[in-house]
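All of the numbers you see were taken from the coordinates with simple rules; none came from a lab. Quantities reported herein were computed from a predicted structural model and do not represent experimental measurements. Here Cβ is always computed from backbone atoms with ideal geometry, including for glycine, and neighbour counts include all displayed protein chains.
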Amino acid sequence: MSRAGAPLKGRAGRLARLMPSASPSSAARTPFVLLVVLLLGGGLITLLLLNSALNEGSFRLSELKRDTTELTDEQQALQRDVDSYSQPGALERRARELGMVPGGSPAFLDPDGTVRGVPTKATAPPPSPSPSPTPSPEPTPEDSAQADEAGAGVPSPTPSGTATPSPGAAAEPESEDAPAPENTPATPPPTTPGR
């Protein structure tokens, strides 16, 4: 006969009191342990998500900084171009390329309607004569044979088709209706202040 329900005496009784028994108290601890494990797991997952979001933000920030640097460099290059195009010498050269001429001396109207100053007409300075090569006809075999018979003392034409002038010869004007160059002032007319 077994005495399972009988209390233990002596040393066995003391050990039984020290050892945890499979009683309802262990069943009450199971939800607490599961709650702690779930909280720790959720905390780790939250930390991983937060860390990956921060890394993604730092990558985006470095990409935006690089884009900002490139755009700043491009803006500075464009500003240099604008500054070079707005210099007085560049403006004058571009105006001359477009066919504009410097204006004459200005005249001003006073509030009472009188004219102050003498207006003059803006005239274009004559263009500087630039030598243009004249096209020469293609030599035929008969012409080359005649040139060989004529003699070797005749100066040969240059590759552009014009004859080389001798050192003592004066240069002739290319066309009779081309205007002779006039003495024009080398300095541009004064500009108004603030421009």
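Evaluate E = 1/(1 + (r/R0)^6) for Phe59 and Ser84, where r is the Cβ-Cβ distance and R0 equals 41 Å; express this FRET efficiency to the nearest 0.05. The calculated FRET efficiency here is 0.60. Here the spin labels are modelled as points 7 Å beyond Cα on the Cα-Cβ line, and at Ala95 and Ala107 they lie 2.1 nm apart.
Taking 0.36 nm per residue of separation and subtracting the current Cα-Cα distance, fully stretching the chain between Phe32 and Glu70 would add 8.0 nm.
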